[in-house]
Amino acid sequence: MKRMTKLALMGIAIGLATAPALAGYKLVPKGVPIAVAKSTLMVTPSTDWNRLGARPGRNAESWTLDGLTLDDLTFYGGIANDTTLFRDSKKKTEPLPRFSSTMLAPDIAQLFESSYRVSIGTSLMSIDSVEPATFAGRPGFHFSYTFVIQGEEVKRKGEATGAVIGGKLYLITFEAPVIHYFDATHGAAKSVVDSAKI
Amino acid sequence: MMRRLALGAAAMSMMIGEIAPAQTVSSPVIAATAEPAVIAAPPYQPQDKDERGLWMQMDEQERQLRNSNFVIRDQALNDYVRGVFCRVVGPRCSEIRVYVIRTAYFNANIAPNGMMQIWSGLLLRTRNEAQLAAVLAHEYVHYQNHHSLMLFREARGRAAGAAWLSMFGLVGALLAIGQISAIFQFSRAQEADADAESVGLIARAGYDPREVPKIWEQFRAEADATAAARGTKSRKDKNGGLFASHPPTAERVTALTAEAKKFSLSDKWQTGDAPYRAALEASWSSFIDDQVKLNDFGGTEFLIAYLARDGWTPNLNYARGELYRARGRPDDLKAATGFYRDAANASGGPVEAWRGLGLSLLRTGDQPGGQAALKTYLERKPDASDKSMIAMLAGGTQ
């Protein structure tokens with residue numbers, strides 16, 4: 001029970017400490033090409049988006065329209081060999097799997113699934129399809145996934161499109177609750193993915 | 001559906017504090033036989049307002065848990081677990097609802113109202129019916145001896161009751177299943193009590209009590225294996241996380257071994273290896289898949305190797321292949337091709353072994369071999385969810 005109180009206090013403390021960062025949304029104006037995820041990956045959104053100040057990882061960044069839990073567009077810009085997709089925050093007890101340059105599309109989908117399962121502690125996640133696709137004018141892949149966060153129970157659907165270029169992984173994912181939000185914002189997200197250039 | 005309705009009714013009767021009708025004394029017909037009349041006690045009901053309050057809070061949690069996506073609804077598996085539980089604790093098993101939860105970690109817990117959770121990661125790790133019975137008995141003892149209520153009263157005695165109660169408000173906010181269990185962290189004395197009584201319960205039910213300390217020996221060995229593969233220090237004696245309130249595992253092994261020795265050896269003791277394996281067969285692939293995807297190479301390899309103690313089955317070889325391919329170092333990929341080959345060539349081997357074999361071969365530079373294996377996969381599983389990608393990798397026209 002001490003742990004619960006501690007958790008609650010920690011939650012408040014973290015909330016206070018990170019509040020400015022969390023509140024740090026920046027407008028991404030439509031129609032203006034912009035480099036994302038500290039990389040050479042360029043996209044041109046067709047609607048205004050909000051960029052989250054806090055990055056999920058060194059080479060990642062997230063955008064949203066209605067709030068990250070309702071729609072989440074995340075860019076992974078050049079994940080290098082032997083690095084994780086996002087921040088390895090529990091490196092000692094729950095380390096994340098690492099990307100390898102030799103990975104094929106199905107391996108990357110599995111890396112993504114495993115990273116999610118470990119980081120959000122869920123066993124309800126599946127890759128529902130993997131297919132070839134063109135990403136930023138290069139041969140790449142596209143996969144779709146569904147997952148539920150334990151204790152939250154909202155069913156979410158997601159799509160990922162990417163390619164391995166020069167041994168580095170470039171990936172854009174879009175995910176949102178199955179109910180209403182996925183369909184409502186899918187078009188806006190897809191146009192960002194389609195505009196990707198490297 | 002029927003089961004859900006029945007559960008709903010049970011929860012509701014508890015919510016309104018209705019006393020369930022006492023089970024009747026055996027009928028005259030039965031009494032006329034030579035068998036002694038058995039007077040079954042009515043189901044336990046909360047006795048005072050503290051206990052009623054606790055139950056009401058947990059009934060609300062249970063209402064949410066019951067609808068959770070994580071509850072495994074497989075009737076056969078649920079019936080099996082309940083059967084083992086009732087064999088161990090007797091008629092009072094009807095007071096408990098056991099929920100099997102799909103989550104890859106090793107845990108079980110019980111709330112004061114009789115809501116018990118058994119996680120799928122635990123089912124993957126207990127190795128026979130006796131060990132499962134011991135876990136179920138351990139949780140039951142917490143319920144039977146009102147450990148939560150005792151803790152609550154103790155906390156209130158220290159004028160901390162308000163703080164304790166306020167945590168129930170947090171449950172609603174945090175809701176995570178693991179965190180619900182954190183509320184019911186029993187004291188070490190209570191855990192030791194539950195351990196000791198559980199050994200007696202399973203021995204009297206005809207299970208081998210020497211299996212109980214093995215659960216913790218396995219836990220320690222797995223923690224060592226996890227640490228060795230990660231190059232970190234083993235957490236087997238770390239008493240944090242899920243086991244923060246439990247006695248250290250080494251101590252538990254010693255105490256449980258001593259407890260088991262109190263019973264004179266019986267040749268009628270069962271471990272229930274075969275029925276346990278049979279009951280888990282249908283779920284096993286998804287449980288091991290959950291485990292492989294936890295990125296715990298050492299712990300998973302340890303688990304798979306134990307399960308293979310009587311020989312490597314195609315499914316075990318496939319699981320090992322998946323584990324090695326997921327880590328994906330050059331040596332791992334070579335090893336994985338061997339495991340996949342064994343799985344694919346065996347009769348009754350999973351068709352996915354061809355997929356794993358093909359992908360591993362492609363990554364080790366054997367393009368013709370890899371493409372051939374992937375083609376075999378597609379021939380045998382034409383409706384695969386990743387067929388268009390695999391077809392392209394297999395050199396098809398996609």
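The one condition from (1) modelled with pLDDT of 90 or more; (2) closer than 23 Å to B:Arg63 by Cα that B:Ala137 does not meet is (2).
To keep it simple, each residue is scored yes or no on (1) small (Gly, Ala, Ser); (2) under 21 Å from A:Met103 (Cβ atoms); (3) surrounded by 22 or more Cβ atoms within 10 Å (Cβ to Cβ); (4) touching a strand residue (DSSP E or B) at 6+ places or on another chain (Cβ under 7 Å).
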{"position": "B:Pro314", "(1), (2), (3), (4)": "no, no, no, no"}
{"position": "B:Leu323", "(1), (2), (3), (4)": "no, yes, yes, no"}
{"position": "B:Asp342", "(1), (2), (3), (4)": "no, no, no, no"}
{"position": "B:Ser347", "(1), (2), (3), (4)": "yes, no, no, no"}
{"position": "B:Trp354", "(1), (2), (3), (4)": "no, yes, yes, no"}
{"position": "B:Leu359", "(1), (2), (3), (4)": "no, yes, yes, no"}
{"position": "B:Asp366", "(1), (2), (3), (4)": "no, yes, no, no"}
{"position": "B:Ile390", "(1), (2), (3), (4)": "no, yes, yes, no"}
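When B:Arg329, B:Arg325 are checked against the criterion of being within 14 Å of chain A (Cβ to nearest Cβ), at pLDDT below 95 and either under 16 Å from B:Glu301 (Cβ atoms) or in contact with a Gly (Cβ under 6 Å, 6 or more places away or on another chain) (or both), B:Arg329 stands alone in meeting it. For the residues A:Ala176, A:Ala189, A:Ala133, A:Ala109, the requirement of being part of a helix (DSSP H, G or I) and either surrounded by fewer than 21 Cβ atoms within 10 Å (Cβ to Cβ) or more than 14 Å from chain B (Cβ to nearest Cβ) (or both) singles out A:Ala189.
Of the residues in segment A:70-93, at least one is of a type in the set (D, E, K, R), in contact (Cβ under 8 Å) with a residue 24 or more places away in the chain and buried (at least 21 other Cβ atoms within 10 Å of the Cβ). The lone criterion from (1) of a type outside the set (Ser, Thr, Tyr); (2) away from every other protein chain (no Cβ under 14 Å); (3) not in a helix (DSSP H, G or I) left unmet by B:Ala372 is number (3).
Taken as a whole, the structure leaves B:Ala335 outside the set of residues that are among the aliphatic types (A, V, I, L, M) and under 25 Å from the mean Cα position of the chain (by Cα).
Yes/no matrix, rows are residues, columns are (1) touching a Lys or Arg at 6+ places or on another chain (Cβ under 7 Å); (2) more than 18 Å from A:Pro106 (Cα to Cα); (3) at pLDDT 95 or above:
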{"position": "B:Ala343", "(1), (2), (3)": "no, yes, yes"}
{"position": "B:Gly348", "(1), (2), (3)": "no, yes, no"}
{"position": "B:Ala353", "(1), (2), (3)": "no, no, yes"}
{"position": "B:Leu357", "(1), (2), (3)": "yes, no, yes"}
{"position": "B:Arg363", "(1), (2), (3)": "no, no, yes"}
{"position": "B:Ala373", "(1), (2), (3)": "no, no, yes"}
{"position": "B:Ala391", "(1), (2), (3)": "no, no, yes"}
{"position": "B:Ala394", "(1), (2), (3)": "yes, no, yes"}
{"position": "B:Gln398", "(1), (2), (3)": "no, no, no"}
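Flag set for A:Ser101, criterion: closer than 22 Å to B:Gly365 by Cβ and more than 8 Å from chain B (Cβ to nearest Cβ). Selection of helices (runs of 4 or more DSSP H) fully inside segment B:288-348 by the criterion of at least 3 residues being acidic (Asp, Glu) returns B:330-345.
Within segment A:37-63, work out how many residues are within 11 Å of the chain's Cα centre (by Cα) and farther than 17 Å from A:Thr84 by Cα. The number of residues fulfilling the criteria is 1. Taking segment B:82-92 as the search range and keeping residues that are within 17 Å of B:Met115 (Cβ to Cβ) and without any contact (Cβ under 8 Å) to a residue 60 or more places away in the chain, which one is surrounded by the most Cβ atoms within 10 Å (Cβ to Cβ)? Looking at residues that are within 17 Å of B:Met115 (Cβ to Cβ) and without any contact (Cβ under 8 Å) to a residue 60 or more places away in the chain, I get B:Phe85.
Residue check: B:Gln185 meets all listed conditions (1) under 19 Å from the mean Cα position of the chain (by Cα); (2) part of a loop (DSSP other than H, G, I, E, B); (3) at pLDDT below 55 but one, namely (3).
In the set B:Asn107, B:Asn113, only one residue is closer than 25 Å to B:Ser285 by Cβ and either touching a residue at least 60 places away in the same chain (Cβ under 8 Å) or crowded, with 21+ Cβ neighbours inside 10 Å (or both); that residue is B:Asn107. Testing B:Leu256 on (1) assigned to a helix (DSSP H, G or I); (2) aliphatic (A, V, I, L, M); (3) not assigned by TED's automatic domain parsing to the domain that holds B:Ile72, one condition comes back false. Which one is that? Against the list (1) assigned to a helix (DSSP H, G or I); (2) aliphatic (A, V, I, L, M); (3) not assigned by TED's automatic domain parsing to the domain that holds B:Ile72, B:Leu256 comes up short only on (3). Being under 11 Å from B:Tyr80 (Cβ atoms) and among the small types (Gly, Ala, Ser) is the filter here; which residues of segment B:276-294 pass it? The answer is B:Ala278, B:Ala279, B:Ala282, B:Ser283. Per the conditions (1) closer than 30 Å to B:Asp273 by Cβ; (2) buried (at least 24 other Cβ atoms within 10 Å of the Cβ), the sole criterion not satisfied by B:Arg309 is (2).
Out of the residues in segment A:149-167 meeting the condition of being in a strand (DSSP E or B) and surrounded by fewer than 20 Cβ atoms within 10 Å (Cβ to Cβ), tell me which one is farthest from the other protein chains (Cβ to nearest Cβ).
My answer is A:Ile165.
The set of residues in segment B:349-369 being in contact with a helix residue (DSSP H, G or I) (Cβ under 8 Å, 6 or more places away or on another chain), among the small types (Gly, Ala, Ser) and not in a helix (DSSP H, G or I) consists of B:Gly349 alone.
For segment A:72-88, does any single residue satisfy the condition of being closer than 16 Å to A:Ile165 by Cα, touching a Phe, Trp or Tyr at 6+ places or on another chain (Cβ under 8 Å), within 14 Å of chain B (Cβ to nearest Cβ) and not polar (S, T, N, Q)? Yes, segment A:72-88 has at least one match. Hey, could you check segment B:221-239 for residues that are surrounded by fewer than 19 Cβ atoms within 10 Å (Cβ to Cβ) and assigned to a helix (DSSP H, G or I) and say which is nearest to the other protein chains (Cβ to nearest Cβ)? Result: B:Arg230. Against the test of being under 16 Å from the mean Cα position of the chain (by Cα) and more than 8 Å from chain B (Cβ to nearest Cβ), the options A:Ser119, A:Ser114 yield a single qualifying residue, A:Ser119.
The values are calculated or read from the model by the stated rules, or taken from the named source; none is laboratory data. Because the structure is a prediction, the values reported are computed rather than measured. Quick reminder, even Gly has a Cβ in these numbers, built from the backbone with ideal geometry, and neighbours come from all protein chains shown.
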